[in-house]
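Presented below is the structure to which this report refers.
The values are calculated or read from the model by the stated rules, or taken from the named source; none is laboratory data. Because the structure is predicted, anything quoted here is derived from the model rather than measured. Positions of Cβ are generated from backbone atoms using ideal geometry, with glycine treated the same way; all protein chains shown enter the neighbour counts.
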Ligand code: NOJ
Ligand code: CA
C-alpha cells in the first residue's frame, strides 16, 4: 500500500461534554478544548476527533443533530470552533469532526415540518410508512420498535436508534444532495476530515418483512435487515465522489456489520473510506454490542486471535483505526484487565499491546491516565439511553435488578463519558458547577496530576507516542506488515511487524507468572513497558504484566 499522511497520525478522541468546562456551567465546551491544547501537545498526539458539537437536544448527547450548520450553544459558537481549528493547526494538531447522517434529531427543522404538515416537502427526507399498525417487528438499537407513530395520522416513522433520532431516507436523491452540500461546507472550513457515524445503517431492506422474533419483547434486531444491505455501495460511492474525493481529508468510518470479505469495497484502493473501526474484539465480553445481558467468558488467547484475524483482514485490503476505548465502550482497563484494572504495569502493557498494531492508533480521553469504570448504585444515575434500555431489557429477559445493575455498570457507555479528571479537586477539577454527569469515584487517585510524574501511565503513553513518532523505528512501526507469532501461554498476546530493514517482535504478558520465551530470533530490546524484562541468547523473560518490543 502506498504511504499516506494519515497513516502516521495519532488520534485523540474528545467527548466535548466531558473534556473541559471553560465557563463552569457543568458542561464541557470548545473554549475548554482550546485551553487544553498544550496538554494534548505535551502528550504528543497529532489529530483530534471531536464527537458531535452541533445544535442538538442532546437526547443521545449530540448524535441527534437539529442543525447541521451550527454549534450547540452549550459548547460555544461557530467562532469558538474556528478559533479552536486555527489554534490547533498552530500547534500542529489537525481536527476531524463527527458526521452523523444516518439520522437527525426529531427537532431538526425538516422533521418538525413533517410533523406539522401532512404534505411537507420533507416527508420523503425520512423513512415514513402509512398504515394502521407498525410495518415490521424490528427492534431499534436502543430498544423498542424501530417504528414510532406520527401523532394524529396513520403513519409511522423509522428510527434505527432512539425515538428522537428519525432515520434519513437515503433513497431520496434530493436528501443526498443536501447532505453532500453540508459535508463540503464543513470540509471547506479547514477541518481535516470526518469520523462517520453508523454509516452502514443508511441502506435498509426495502421489502420491509417481519423477522423471526429474538427476544421476550417479540421483536427482532434491526441489524438483520436494516444494516449494510445490498445496494449500499451506490450511496457510499456517490458520497465519496461528491464530497471526500474533492478534498485533502481523511475519513474513518464506523461501519458495523461489514464482513472481512467486504473490506475491499470499504477501505481498498478507491474504497468508500480511508479507514474503518473493527468492533469484533471490542465486544468479546458480551454476546453482542446491543445485548449486554448475555456475558461471555474469554481468554487472552481468544483476544489475540480476534485481534490478529482483524489485523490480517484489514491489512489485506487497506488500513485500520486501532482503539481499545471510545465513547460507546466501557473503560478498557476494567474490561480487558478486570481485577488488575488499577495495576499500572498491566495498564501500560494493554496500552502498548494495541498501540503497536498496524494501523492508526486512537486514544480516548482519559485512557492515557488509566481511568477505570465507575460503580453506580442505582439506574437513575445513568444518562446513556442504551444503559437505561439494557437495564430494563435485562430484567425482562430474566435477570434480577441487582444482576441487571451489575451488567450495566460493566458495559455502560457512561463509564467513558464521565467528566475528565484533571485533578484531585472537587469534580476532578473539571468544573466548579455540578457536572452534567457524575464523575468516576476514582478521580482523587486517577487524574491528570500524573503529568510530569515519572513512571505514571500518562508519562508512559507520552513515551510510547514519542517512540512511534520520532524514534528510529517509525517506518517499521507505522508501515511494516503485521503477522502472527506462536503463543507460549493462554495469557499472552504476540505479533511481529516486518519492516524493510528490521523485524520487530512484540510480546505482552497478561498473566501473573514470569513468562519464558525460548528460541526467539531477538537480538535487542528496543522498548519495554517496565524495567525487568530480559533477553539473553534469544531467550526472553517477561515478568507478569509486562510487554516488550525486540528486534532481530
Ligand atoms: C454510534 C455512536 O458512536 C453512538 O454514540 C450513537 O449513539 C449511535 N451511533 C447513534 O448515532
Ligand atoms: Ca461549559
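Do we find that residue 53 is outside any loop (DSSP other than H, G, I, E, B), within 16 Å of ligand 1 (Cβ to nearest atom) and either within 19 Å of residue 194 (Cβ to Cβ) or touching a residue at least 40 places away in the same chain (Cβ under 8 Å) (or both) in this structure? Answer is no for this residue.
Looking only at the stretch 78-86, decide whether some residue is out of contact with any strand residue (DSSP E or B) (no Cβ under 6 Å at 6 or more places or on another chain), within 16 Å of ligand 1 (Cβ to nearest atom) and more than 30 Å from residue 269 (Cβ to Cβ). No, because not a single residue in the stretch 78-86 is out of contact with any strand residue (DSSP E or B) (no Cβ under 6 Å at 6 or more places or on another chain), within 16 Å of ligand 1 (Cβ to nearest atom) and more than 30 Å from residue 269 (Cβ to Cβ).
Yes or no, residue by residue, for (1) part of a strand (DSSP E or B); (2) within 16 Å of ligand 2 (Cβ to nearest atom); (3) modelled with pLDDT of 95 or more; (4) out of contact with any helix residue (DSSP H, G or I) (no Cβ under 6 Å at 6 or more places or on another chain):
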| position | (1), (2), (3), (4) |
| --- | --- |
| 361 | yes, no, yes, no |
| 368 | no, no, yes, no |
| 375 | no, no, yes, no |
| 389 | no, no, yes, yes |
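Among residues of the stretch 63-86 that are closer than 23 Å to residue 111 by Cα, those with a beta-carbon under 9 Å from a residue that is within 13 Å of ligand 2 (Cβ to nearest atom) and assigned to a helix (DSSP H, G or I) at least six positions away or on a different chain give the pairs 71/30; 71/80; 72/16; 74/17. Of the residues examined, residue 507 is one that is buried (at least 20 other Cβ atoms within 10 Å of the Cβ) and over 23 Å from residue 46 (Cβ atoms). Residue count for the stretch 517-534 under the criterion of being surrounded by 15 or more Cβ atoms within 10 Å (Cβ to Cβ), part of a strand (DSSP E or B) and at pLDDT 95 or above: the result is 3.
Taking the criterion of being crowded, with 19+ Cβ neighbours inside 10 Å, away from ligand 2 (no atom under 16 Å from the Cβ) and more than 27 Å from residue 465 (Cα to Cα), the residues of the stretch 55-98 that qualify are 60, 63, 64, 65, 66, 68. Here residue 94 qualifies as farther than 27 Å from residue 437 by Cα and within 22 Å of the chain's Cα centre (by Cα). Residue selection: residue 394 fails the criterion of being away from ligand 2 (no atom under 16 Å from the Cβ), surrounded by fewer than 21 Cβ atoms within 10 Å (Cβ to Cβ) and either part of a loop (DSSP other than H, G, I, E, B) or in contact (Cβ under 8 Å) with a residue 12 or more places away in the chain (or both). Looking only at residues that are touching a residue at least 60 places away in the same chain (Cβ under 8 Å) and more than 22 Å from the chain's Cα centre (by Cα) in the stretch 22-50, which one is farthest from ligand 2 (Cβ to nearest atom)? Ranking the candidates gives 42 first. Could you tell me whether residue 9 is without any contact (Cβ under 8 Å) to a residue 24 or more places away in the chain and closer than 30 Å to residue 268 by Cβ? Considered against the rule, which asks whether it is without any contact (Cβ under 8 Å) to a residue 24 or more places away in the chain and closer than 30 Å to residue 268 by Cβ, residue 9 comes out as no. Check the stretch 284-292 and report whether any residue there is more than 16 Å from ligand 2 (Cβ to nearest atom), at negative phi, buried (at least 23 other Cβ atoms within 10 Å of the Cβ) and assigned to a helix (DSSP H, G or I). Looking through the stretch 284-292, none of the residues is more than 16 Å from ligand 2 (Cβ to nearest atom), at negative phi, buried (at least 23 other Cβ atoms within 10 Å of the Cβ) and assigned to a helix (DSSP H, G or I). Tallying residues that are closer than 16 Å to residue 64 by Cβ, out of contact with any helix residue (DSSP H, G or I) (no Cβ under 8 Å at 6 or more places or on another chain) and outside any loop (DSSP other than H, G, I, E, B) within the stretch 125-156 yields 1.
Listed by position, the helices (runs of 4 or more DSSP H) contained in the stretch 409-516 that have at least 3 residues being within 18 Å of residue 333 (Cβ to Cβ) and in contact with a strand residue (DSSP E or B) (Cβ under 8 Å, 6 or more places away or on another chain) form an empty set.
Can you tell me which residue among 478, 451, 514 is surrounded by fewer than 21 Cβ atoms within 10 Å (Cβ to Cβ) and more than 19 Å from residue 350 (Cα to Cα)? That would be 451, the only listed residue that is surrounded by fewer than 21 Cβ atoms within 10 Å (Cβ to Cβ) and more than 19 Å from residue 350 (Cα to Cα). Exactly one residue among 235, 194, 201 is more than 30 Å from residue 293 (Cα to Cα), in contact (Cβ under 8 Å) with a residue 12 or more places away in the chain, within 21 Å of the chain's Cα centre (by Cα) and outside any loop (DSSP other than H, G, I, E, B), and that residue is 194.
For every residue, the table says whether it meets (1) more than 21 Å from residue 231 (Cα to Cα); (2) surrounded by 23 or more Cβ atoms within 10 Å (Cβ to Cβ).
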position	(1), (2)
129	no, no
137	yes, no
155	yes, no
159	no, yes
168	no, yes
174	no, no
177	no, no
198	no, no
201	no, yes
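Residues checked against (1) under 21 Å from residue 363 (Cβ atoms); (2) free of Cβ contacts under 8 Å to residues at least 40 places away in the same chain:
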position	(1), (2)
440	yes, no
452	yes, yes
457	yes, no
460	yes, no
493	yes, no
502	no, no
529	yes, no
534	no, yes
551	no, no
